[in-house]
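Report on one structure; see the data block that follows.
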Amino acid sequence: MIGAVVLALAMMITFEARAEEAPTAHADHGHAMEGMRMSAAGMVMNENTDRLPRDCPQISQDVPITVHAGRKYAATLPGTMFAYDRRVWDVPACARVTVTLVNDDQVRHQWMLHGLPRYLYPEGMFHLEVSGGGKESATFIVPSAAKTYLVHCDVPQHAEKGMKAELKVAGGDGDLPSIPGISAPLQPDSYGVRWDWTTLAFGAASGLGGALLSWGLLRRR
């Protein structure tokens, strides 16, 4: 019995020693975390500063882009609540683009780009996220093909409320739909009224009620 206990303890000690020596799950899959930074102030995903797309023999140009995000940039865009200060950017083919996202609100905002080559960017995505009142910078390299890429904020309802844009490489291949101030939506919202007896009666009653209320207020004066 004592021998069995000693053997079990020896096996446990050996197992723990090997576990300490073995690389962690993050180390085993370190390549999955490459290009990612995260802190309380913000997050970067899929940053790429030196790996060239297959169709790019070299980096053509370094392009810095500063993007401001916030409510005040939606003031001139009817029907929006959030926006970027610009909604379209043009960069050359094979450019190395460094985006600095400045968050002028007190909520989280993102600058997320879709459609990049998946062999370089997991899910074809480059992502910047900044907490309110902060800023963050990160870099990615675009392919050579003329293409228009969607940019948006993926915080719930932010894109729907106006935080969408596009990045054009080598002139792009046209405008994407529903970019505020740039293009119309594919399916415009419709708020048409179906006029029937119920609608007419409700409208008449509302009008009469408003008239009586106004008349009562005038009499009190």
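In this rough spin-label picture, where each label sits 7 Å from Cα along the Cβ direction, the Asp196-Glu34 distance is 6.2 nm. What the phi angles of the range 106-122 give under the Karplus curve with 6.51, -1.76 and 1.60, with θ = phi - 60°, is a coupling list of 10, 10, 6, 9, 10, 10, 10, 10, 10, x, 6, x, 6, 6, 10, 10, x Hz, glycine and proline written as x.
Between the amide H of Ser60 and those of Ala95, Arg96, distances stay under 5 Å, these residues lying 5 or more places away or on another chain, with hydrogens modeled in the peptide plane. Assign one of three labels to the range 32-169, namely rounded, prolate or oblate, based on the Cα gyration tensor with a ≥ b ≥ c the square roots of its eigenvalues; rounded applies when a/c is under 1.5, prolate when it is not and a/b is larger than b/c, and oblate otherwise. It is prolate, given that a/c is not under 1.5 and a/b is the larger ratio.
For the pair Met125 and Ile182 in one chain, pulling the backbone fully straight at 0.36 nm per residue adds 18.3 nm over the alpha carbon distance.
Computed about its Cα centre, the charge dipole of the range 32-169 is approximately 220 debye, with only Lys, Arg, Asp and Glu carrying charge at their Cβ.
The simple spin-label model puts a point 7 Å past each Cα toward its Cβ; for Arg54 and Arg71 those points are separated by 4.7 nm. Look at the alpha carbon pairs under 8 Å that are at least 6 residues apart: their mean separation over the length of the range 32-169 gives a relative contact order of 30 percent. Restricting attention to the range 32-169, lysine pairs at least eight places apart or on different chains and with alpha-carbon atoms under 19 angstrom apart total 6. Here's how it looks for Asp105: its modeled amide H is under 5 Å from those of Gly133, which are all 5 or more places away or on a different chain.
We did not get these values from a lab; they are worked out from the coordinates using the rules stated. Worth saying up front: this structure is predicted, and the values here are computed from it rather than measured. All Cβ positions, glycine included, derive from the backbone under ideal geometry; neighbour counts span all protein chains shown.
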